[in-house]
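*Asks:* Structure provided below as structure tokens; questions to follow.
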Amino acid sequence: MRPTSYGIGALIFGIVSAATLHSTHAEAISPPEPTSQIAQQTTQAEFSQHFQDIGVEGSILVYDRNQDQTYQHNPERNGTPFLPASTFKILNSLIALKTGVIADDVAVLTWDGIERTIPTWNRDLNMRMAFNLSAVWFYQVIARRVGHWRMQQWVTAAGYGNQQIGDPKDIDSFWLEGELRITPQEQIQFLRRLYDNDLPFSNDAIATVKDIMIVEKTPDYISRAKSGWA
């Protein structure tokens with residue numbers, strides 16, 4: 001696969017999503033609606049310099065929950081659908097807990113003994129560890145246990161992207177190289193619904209996934225995130 005970076009992150013007072021493209025300005029916008037175009041309004045915020053400083057072509061979408069305001073850089077790209085790659089682990093975790101194919105975030109799956117290119121994947125893992133390490137094999141096992149019919153049911157119920165997971169044979173790869181696509185705008189909507197407990201999953205499952213997403217916790221804020229690479 002072509003190495004195109006695609007990141008998604010959630011903060012307790014803000015939501016961030018990033019994808020690739022280039023531009024020279026940022027936009028302030030109304031909070032995005034799931035199926036509508038985002039209105040554009042120029043703001044003083046300036047993101048392009050940050051991309052230029054590190055020599056990366058990209059886009060960013062930032063939702064400020066306190067101000068109910070969204071800022072973006074490269075709006076065209078933010079409305080473009082991409083493979084979710086490992087950002088799908090957020091929904092995959094919710095579905096796994098909902099369907100009971102894994103009991104909780106500390107239940108261990110036994111490593112199959114196949115050496116992967118990332119050494120930290122080559123061991124028994126639980127969901128908490130696998131999410132943090134972004135271990136592909138763990139979530140492929142989870143997806144196969146869920147099965148095609150139930151996976152499609154819950155991807156549709158969550159309204160995730162174009163909701164296309166392909167054929168049964170694609171059950172352990174559709175988010176990596178299959179038909180599933182989601183825009184950064186839609187990712188933001190998904191994260192807002194996750195934050196608000198407004199997804200079709202139990203409060204316990206949502207709380208567990210929110211907890212395993214934590215990458216930094218201080219007295220002032222909690223940062224939750226999931227990266228993806230496709």
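*Asks:* With the condition being among the β-branched types (Val, Ile, Thr) and in contact (Cβ under 8 Å) with a residue 24 or more places away in the chain, I'd like the helices (runs of 4 or more DSSP H) fully within segment 158-219 carrying at least 3 qualifying residues.
*Replies:* In segment 158-219, the matching helices (runs of 4 or more DSSP H) lie at 203-212.
*Asks:* I've got another one for you. Inspect segment 105-115 for any residue being within 20 Å of the chain's Cα centre (by Cα) and surrounded by 14 or more Cβ atoms within 10 Å (Cβ to Cβ) and give the result as yes or no.
*Replies:* There is at least one residue in segment 105-115 that is within 20 Å of the chain's Cα centre (by Cα) and surrounded by 14 or more Cβ atoms within 10 Å (Cβ to Cβ).
*Asks:* Is at least one residue of segment 186-199 in contact with a Gly (Cβ under 7 Å, 6 or more places away or on another chain), among the aromatic types (Phe, Trp, Tyr) and closer than 17 Å to Gly161 by Cα?
*Replies:* So far as segment 186-199 goes, no, none of its residues is in contact with a Gly (Cβ under 7 Å, 6 or more places away or on another chain), among the aromatic types (Phe, Trp, Tyr) and closer than 17 Å to Gly161 by Cα.
*Asks:* Something else now. Does Asp172 satisfy the criteria of being touching a helix residue (DSSP H, G or I) at 6+ places or on another chain (Cβ under 9 Å), closer than 18 Å to Phe131 by Cα, open to solvent by 20 Å² or more (accessible area, probe 1.4 Å) and not basic (Lys, Arg)?
*Replies:* yes
*Asks:* Is there a residue being in a loop (DSSP other than H, G, I, E, B) and closer than 24 Å to Phe201 by Cβ anywhere in segment 64-71?
*Replies:* Within segment 64-71 (the criterion being in a loop (DSSP other than H, G, I, E, B) and closer than 24 Å to Phe201 by Cβ), the answer is yes, since at least one residue qualifies.
*Asks:* Out of all the residues in segment 176-186, is one or more buried (at least 16 other Cβ atoms within 10 Å of the Cβ) and either of a type in the set (Gly, Ala, Ser) or in contact with a His (Cβ under 7 Å, 6 or more places away or on another chain) (or both)?
*Replies:* Yes, segment 176-186 contains a residue that is buried (at least 16 other Cβ atoms within 10 Å of the Cβ) and either of a type in the set (Gly, Ala, Ser) or in contact with a His (Cβ under 7 Å, 6 or more places away or on another chain) (or both).
*Asks:* I would also like to ask the following. Which pairs do you get when a residue that is at positive phi and open to solvent by 70 Å² or more (accessible area, probe 1.4 Å), found in segment 44-69, comes within reach of a residue that is in a loop (DSSP other than H, G, I, E, B) and of a type in the set (Gly, Ala, Ser), reach meaning Cβ atoms under 9 angstrom, with the pair 6+ apart or on two chains?
*Replies:* Taking only residues 6 or more apart or on different chains, the pairs are Asp68/Ser30.
*Asks:* Please go through segment 118-128 and give me each residue that is touching a strand residue (DSSP E or B) at 6+ places or on another chain (Cβ under 9 Å) and either at pLDDT below 95 or crowded, with 16+ Cβ neighbours inside 10 Å (or both), ordered by number.
*Replies:* Leu125, Asn126, Met127, listed by residue number.
*Asks:* Oh, and also: What about Gly166, is it open to solvent by less than 60 Å² (accessible area, probe 1.4 Å), under 30 Å from Glu76 (Cα atoms), more than 16 Å from the chain's Cα centre (by Cα) and not polar (S, T, N, Q)?
*Replies:* Spelling it out, Gly166 is indeed open to solvent by less than 60 Å² (accessible area, probe 1.4 Å), under 30 Å from Glu76 (Cα atoms), more than 16 Å from the chain's Cα centre (by Cα) and not polar (S, T, N, Q).
*Asks:* Would you check which residues across segment 87-104 are open to solvent by 10 Å² or more (accessible area, probe 1.4 Å), closer than 26 Å to Glu186 by Cα and of a type outside the set (A, V, I, L, M) and list them?
*Replies:* Passing the criteria: Lys98, Thr99.
*Asks:* Among (1) buried (at least 19 other Cβ atoms within 10 Å of the Cβ); (2) touching a Pro at 6+ places or on another chain (Cβ under 8 Å); (3) closer than 30 Å to Pro168 by Cα, which single condition is His148 missing?
*Replies:* With (1) buried (at least 19 other Cβ atoms within 10 Å of the Cβ); (2) touching a Pro at 6+ places or on another chain (Cβ under 8 Å); (3) closer than 30 Å to Pro168 by Cα applied to His148, the lone miss is (1).
*Asks:* Residues in segment 131-156 that are touching a residue at least 24 places away in the same chain (Cβ under 8 Å) and assigned to a helix (DSSP H, G or I): how many?
*Replies:* Summing the residues that are touching a residue at least 24 places away in the same chain (Cβ under 8 Å) and assigned to a helix (DSSP H, G or I) in segment 131-156 gives 17.
*Asks:* All but one of (1) modelled with pLDDT of 85 or more; (2) buried (at least 19 other Cβ atoms within 10 Å of the Cβ) hold for Pro81; state the number of the condition that does not hold.
*Replies:* Of (1) modelled with pLDDT of 85 or more; (2) buried (at least 19 other Cβ atoms within 10 Å of the Cβ), only one is false for Pro81: (2).
The values are calculated or read from the model by the stated rules, or taken from the named source; none is laboratory data. The model shown is predicted, which means the values in this text are computed figures rather than measured ones. Neighbour counts are summed over all protein chains in view; Cβ atoms, including those assigned to glycine, are modelled from backbone coordinates with ideal geometry. Side chains included, ligands, DNA and RNA excluded: accessible areas come from the protein's heavy atoms. Shrake-Rupley method; radii C 1.70, N 1.55, O 1.52, S 1.80 Å.
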